[in-house]
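The values are calculated or read from the model by the stated rules, or taken from the named source; none is laboratory data. All values derive from a computational prediction rather than experimental measurement. All Cβ positions, glycine included, derive from the backbone under ideal geometry; neighbour counts span all protein chains shown. The area values use the complete protein model at the heavy-atom level, side chains included, leaving out ligands, DNA and RNA. Shrake-Rupley method; radii C 1.70, N 1.55, O 1.52, S 1.80 Å.
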Amino acid sequence: MNKPLASLSLDLDNAWSYLQIHGNEEWQSYPSYLDQLVPMFLDDMAARNLKVTVFVVGKDASLPQNRDLLRGIAESGHEIGNHSFNHLPWLDRFTAAGLRAELTEAHDAIGTATGSSTVGFRGPGFSFSAETLSVLASLGYTYDASTLPTFIGPLARAYYFRSGDLNEEERELRSKLFGSFADVRRPNTAYRWATHHLMELPVTTIPLIRTPFHLSYLLWLAGISEKLADLYLSVALAACRAT
Ligand SMILES: [Zn+2]
């Protein structure tokens, strides 16, 4: 039997971007774990004979100490994608000029570091706007991968607000973090946008029930019970194969 086809991706979020999103000032020194993560990732993917799309943050690509690591990902045959320059998950609040600068700066830094000219984009925190599509189209991109078709975004945001240490202004900036209930109505499989020659590759959620099963959620579940996380992933994959 032929194996079903799947598109795999990794958002290469760094230690500093997690600190930043939680409002922890330590992010400003850009602490990094890429020197540990990238070799582990490359070994693991090679052992499994898998090629994935790695969405790289432009700021990391601009730092000289990361260049060899990031180039190694491209030279190992993985696709490199654009994950914005500053990993600010409120791209929908940017002006058109600001958004263009953010995406272009990332495109250039990632290209210089990896030797790859990126054609795919994922917004940090699944942030998404029609303006993003316009900028991507004008930069010659072929796909966006920012949408997460689930109803669970506002619940994840509430959980995140509870666990973070954010003031009122920081909460306001993050008021659309992880999306809205209406995102559940977006398609769960690849499609082409009507207004641009861009494909959308959504972050797949479980068909019908539309709950996410990407690694962040599996790790959260595994913190409760590894068996539960295994079972949840098995159900998700079975549902994908069946639909
Ligand atoms: Zn990210």
Among residues of region 31-63 being open to solvent by 60 Å² or more (accessible area, probe 1.4 Å) and of a type outside the set (A, V, I, L, M), the residue nearest to the ligand (Cβ to nearest atom) is Y33
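Look through region 218-229, keep the residues that are in contact with a helix residue (DSSP H, G or I) (Cβ under 8 Å, 6 or more places away or on another chain) and surrounded by 12 or more Cβ atoms within 10 Å (Cβ to Cβ), and return whichever of them is nearest to P149 (Cα to Cα).
Step one: of region 218-229, the residues in contact with a helix residue (DSSP H, G or I) (Cβ under 8 Å, 6 or more places away or on another chain) are 218-219, 221-222, 228-229.
With the extra rule that they be surrounded by 12 or more Cβ atoms within 10 Å (Cβ to Cβ), the set shrinks to 218, 221-222, 228-229.
On the way: L218: 17, L221: 20, A222: 22, L228: 23, A229: 20 Å.
Ranking the candidates gives L218 first.
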Please verify whether region 230-242 includes one or more residues that are free of Cβ contacts under 8 Å to residues at least 40 places away in the same chain, open to solvent by 30 Å² or more (accessible area, probe 1.4 Å), in contact with a Leu (Cβ under 9 Å, 6 or more places away or on another chain) and in the same structural domain as D144 (by TED's automatic domain parsing).
no
Of (1) in contact with a helix residue (DSSP H, G or I) (Cβ under 7 Å, 6 or more places away or on another chain); (2) within 16 Å of L198 (Cα to Cα); (3) outside any helix (DSSP H, G or I), S117 satisfies every one except (2)
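Taking region 1-60, which residues are assigned to a helix (DSSP H, G or I) and in contact with a Lys or Arg (Cβ under 9 Å, 6 or more places away or on another chain)?
W16, S17, I21, M45
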Going through region 189-210 in order, the residues found to be touching a strand residue (DSSP E or B) at 6+ places or on another chain (Cβ under 6 Å) and more than 13 Å from D144 (Cβ to Cβ) are T205
Here the qualifying pairs (Cβ atoms under 6 Å; residues six or more apart or on different chains; first in region 178-191 and at pLDDT below 80; second open to solvent by 50 Å² or more (accessible area, probe 1.4 Å)) come out as F181/F151
If we keep only residues of region 64-97 that are away from the ligand (no atom under 15 Å from the Cβ) and in a loop (DSSP other than H, G, I, E, B), then the residue surrounded by the fewest Cβ atoms within 10 Å (Cβ to Cβ) is T95
If we keep only residues of region 1-23 that are more than 16 Å from the ligand (Cβ to nearest atom) and of a type in the set (S, T, N, Q), then the residue modelled with the highest pLDDT is S7
Within region 168-195, restricting to residues that are among the polar types (S, T, N, Q) and over 23 Å from H22 (Cβ atoms), the one that is least open to solvent (accessible area, probe 1.4 Å) is N188
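I need the full set of residues from region 150-167 which are assigned to a loop (DSSP other than H, G, I, E, B), surrounded by fewer than 19 Cβ atoms within 10 Å (Cβ to Cβ) and not acidic (D, E), in order please. So that I can check it myself, show each step before the final result.
Of region 150-167, the ones assigned to a loop (DSSP other than H, G, I, E, B) are 150-152, 164-167.
Still in the list and also surrounded by fewer than 19 Cβ atoms within 10 Å (Cβ to Cβ): 151, 164-167.
Passing the criteria: F151, G164, L166, N167.
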